Amino acid sequence: MLSSCSQSALSRQVEEAIHSYLDTLRYTGMDWMRWMEEVEAAKQQFAKLINASPEEIAVLSSVSDSASSVASALDFTGQRNQIVTTEMDFPSIGHVWQAQERKGAQVRFIPSQDQMIPLAYYNQAVGEQTLITSVPHVSYYNGFKQDLQKIASIVHEKGSYLFVDAYQSAGSVDIDVKAANIDFLAAGTQKYLLGIPGIAFLYVKKEVAEKLEPAVTGWFGRTNPFAFDIKCLDYAQGARRFETGTPPMINGYAAHAALRLLNEIGVEKIESYLGELSEKAVQYAGEKGLTVVSPHDRSQKASNTAIYVPEASKAEILLRERGIIVSARNDVIRIAPHFYNTEQEVMTAIDALAELTVRL
Ligand SMILES: Cc1ncc(COP(=O)(O)O)c(C=O)c1O
């Protein structure tokens, strides 16, 4: 299974966690306290993973929801009404930003060059009118990895917030939100975080959270959700004010188990191993005559090695028939190993792809 950029493999720990949620339904019927504890524990593990405090993490249902929640807290009616984003962002994120145009926002897309974004482009695009800059840490398309610390320093100098979509990096690339000085960062658990869809974490820097009041809201964004006071629209301290309704419970169980496992192994170790696999994948695909559309320099890419295949979706199906699970996007097959994959598995997938491309 080399599809961690789409869905990572099921661990015993995650499977057991899902069963234990089902057990609460079967044997207790309703167990809010226990469910909330699991979601809270997942939040703590995510905070640890990115070097944040748990009070800086909100639990939502998707990365798209997280971006919408952030957007709903921003005021686009003043002079500073620009959103800078990139053509390498996941489409959903671009959709969320464009939907803010009806509220006065102006969206500017930074283009890519050779499937990468030079740092100078940020210098050129972000200006005095930029309210927020949104970037993917790692591209879903080709694994291109950006230097968040450098981007943060460019955008902050211009007075812009920085929103990072870390869905393709969290769990495979070490993230330190403090060292990189990030304002907002979102990630779900389905990909390198070893979990399932339906839950996402939104980091909001403490000083930033206290200044914002999201319009996308609900009872879990209140100081005391269980006060059941319909007229009290107060905002909880910290990132929790970005939460909305009942948290995804079964997903919280899975996320807690998955994140604990990752923290036990250590993402730094995983990143270094994946760097080796990634280097090998680029080199071997080249030897096999395949066109790699990921950066060739290991320091600029994460686990995903994207290989150009004209009929990528068909190739994904044909590889699956041979027991090789990879994931297609547009015109590429993404070979995205995790720590449980071997170099041999990566090479076997590339061999099979090379054979197929002759026929496709
Ligand atoms: C980088 C990136 N961001 C966002 C998303 C979408 O996330 P969600 O469905 O949780 O909104 C994906 C999904 O593949 C992704 O790869």
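List of remarks:
- Which listed pairs, of Lys288/Lys314; Lys48/Lys150; Lys48/Lys314; Lys191/Lys314, have C-alpha distances above 29 Å, in listed order: Lys48/Lys314
- Placing a label point 7 Å from the Cα of Gln113 along the Cα-to-Cβ line, the residues of segment 298-335 whose backbone N sits under 20 Å from it are 298-301.
- Values of log10 I(q)/I(0), in the order q = 0.10, 0.21 Å⁻¹, for segment 240-360 under a Debye, Cα-only, solvent-free model: -0.39, -1.10
- Accessible area per residue for segment 197-321, computed on protein heavy atoms with a 1.4 Å probe, is 47 Å².
- Solvent-accessible surface (1.4 angstrom probe) belonging to Val282, in square angstrom, nearest 10: 20
- Candidate residues Lys191, Lys206: accessible-area rank, largest first, probe 1.4 Å: Lys206, Lys191
- Ordering of 252-259, 228-235, 352-359, 35-42 by packing [mean C-beta count within 10 Å, highest first]: 252-259, 35-42, 352-359, 228-235
- The label-point distance for Arg322 and Gln300, in a model that sets each label 7 Å from Cα toward Cβ, rounds to 3.0 nm.
- Calculated over the chain: convex hull of Cα atoms, volume per residue (Å³): 133
The values are calculated or read from the model by the stated rules, or taken from the named source; none is laboratory data. Since the structure is predicted, the reported quantities are computational estimates derived from the model, not experimental observations. So basically every Cβ, Gly included, is an ideal-geometry build from the backbone, and we count neighbours across all protein chains shown. Protein only, heavy atoms only, side chains kept; ligands, DNA and RNA dropped before computing areas. Shrake-Rupley method; radii C 1.70, N 1.55, O 1.52, S 1.80 Å.
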